[in-house]
Amino acid sequence: MINFRKVVKNIVDSVNWTELILLTLNSGIGLAITKYLGYEINWVISAYFILWTLFFYLGSRFIWFNPNMNFHVEDLVFLRLMTSVFQLLALLFFAISVVPLIQILIITFNNLLLIYLISIFCCWLLLRIYLEQKIQIFGLSESISAFMICLVSPLVILNLNGIQNHEILLSISFFSFLQVIAFKLFQDYFELNKGNRKAEFSSVYIGPYSILKIISGLIILGYVACISQLFLQDRMQLFYSLGFALPIALYFIFKINQISGDIKKEANTLMPIAIVFIIFVEVGWILGLWGGLTRN
């Protein structure tokens, strides 16, 4: 008899929901920047892109699913069932994603830059799991993912709304880029890649304590760099967006630097704080930019 609860649980557990939320929030940042700069938002085409991202992300996640690597059961029938379920889900979400993608391409057919950005984004969505599994260089796959999430995603939204680029995007994206790298290093090393060769590689050549210091340094560097850029751009009104997640950042840095003994066990208890922190980082930008009245 099929255990539907177990099937649903494996489907839900196979998706990196935090990464999917970050993709959606960074599209929201693109919309917030558009509002902050005083441009009219094309809600229809923006919604098409967000829907395409959600569906294509889920499809690409399910197509790479390998039940032998994600959970261990002795029931071969259940393994075959899960493999078939994930193949069907991948086909379903890819098919659904075609509809908003066609709408986007029809509306933006003459915008070569936008087509180029969407193509790069599409390639990353398809290959990100393969890259995470194959790239053994510490931090490289995390940096690629952070770049796509924090820069390319909001940049596509800006282009869809008639803005090719703007200096404010660099300040926000670089800050979010460093925070997402720090989060993904923490997430991958201590939770998602247990027993993975990349985790072993990092542990041998860098060491867990050094990784924690790197994570702390990335968070601090992001704040320092963003404050400097906003000051130089004379955008003081956006400082409170940084402060939205600052208390959690300081607490998180304090806690990871207090870790001793069983590092993986202690660090895993901090994962909820890490998730709240990275989400607050992105939400802070959306709230701050959406409240801005200055037109540049």
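The values are calculated or read from the model by the stated rules, or taken from the named source; none is laboratory data. Just so we're clear, the structure is a prediction, and the values are computed from it rather than from any experiment. Using ideal geometry, Cβ is built from the backbone for each residue, glycine included, and neighbour counts are taken over all protein chains shown.
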Do you know which residues across the stretch 8-35 are surrounded by 14 or more Cβ atoms within 10 Å (Cβ to Cβ) and at pLDDT below 90?
N10, I11, S14, V15, N16
Among the residues listed as F190, F186, F175, the single one being part of a helix (DSSP H, G or I), hydrophobic (A, V, I, L, M, F, W, C), at pLDDT below 75 and touching a helix residue (DSSP H, G or I) at 6+ places or on another chain (Cβ under 7 Å):
F190
Go through the residues of the stretch 13-32 one by one and say whether even a single one is in a helix (DSSP H, G or I), more than 18 Å from the chain's Cα centre (by Cα) and of a type outside the set (K, R).
no
Only residues in the stretch 177-188 that are over 14 Å from F147 (Cβ atoms) count as the first member; pair them with residues that are assigned to a helix (DSSP H, G or I) and charged (D, E, K, R), Cβ under 8 angstrom, at least 6 apart or cross-chain, and list the lot.
L185/E142; D188/E132; D188/E142; D188/K198
Cβ-Cβ below 9 Å, separation at least six or inter-chain, first residue in the stretch 96-119 and within 18 Å of N161 (Cβ to Cβ), second loosely packed, with under 13 Cβ neighbours inside 10 Å and modelled with pLDDT of 90 or more: which pairs?
Q103/V44; I107/V44
Within the stretch 125-141, the residues that are in a loop (DSSP other than H, G, I, E, B) and under 16 Å from the mean Cα position of the chain (by Cα) are G139
Of the candidates S210, S216, the one satisfying the condition of being at pLDDT below 90 and closer than 17 Å to K184 by Cβ is S210
What do you reckon, is L178 surrounded by fewer than 17 Cβ atoms within 10 Å (Cβ to Cβ), more than 17 Å from Y57 (Cα to Cα), of a type outside the set (V, I, T) and out of contact with any His (no Cβ under 8 Å at 6 or more places or on another chain)?
no
From the list I129, I118, I107, pick out the single residue that is in contact with a helix residue (DSSP H, G or I) (Cβ under 8 Å, 6 or more places away or on another chain), crowded, with 21+ Cβ neighbours inside 10 Å and within 26 Å of I29 (Cβ to Cβ).
I118
Checking I168 against (1) buried (at least 17 other Cβ atoms within 10 Å of the Cβ); (2) at pLDDT 90 or above; (3) more than 28 Å from S210 (Cα to Cα), the condition it does not meet:
(2)
Residue satisfying all of: in the stretch 65-93; in a helix (DSSP H, G or I) and of a type in the set (V, I, T); modelled with the lowest pLDDT among these:
V77
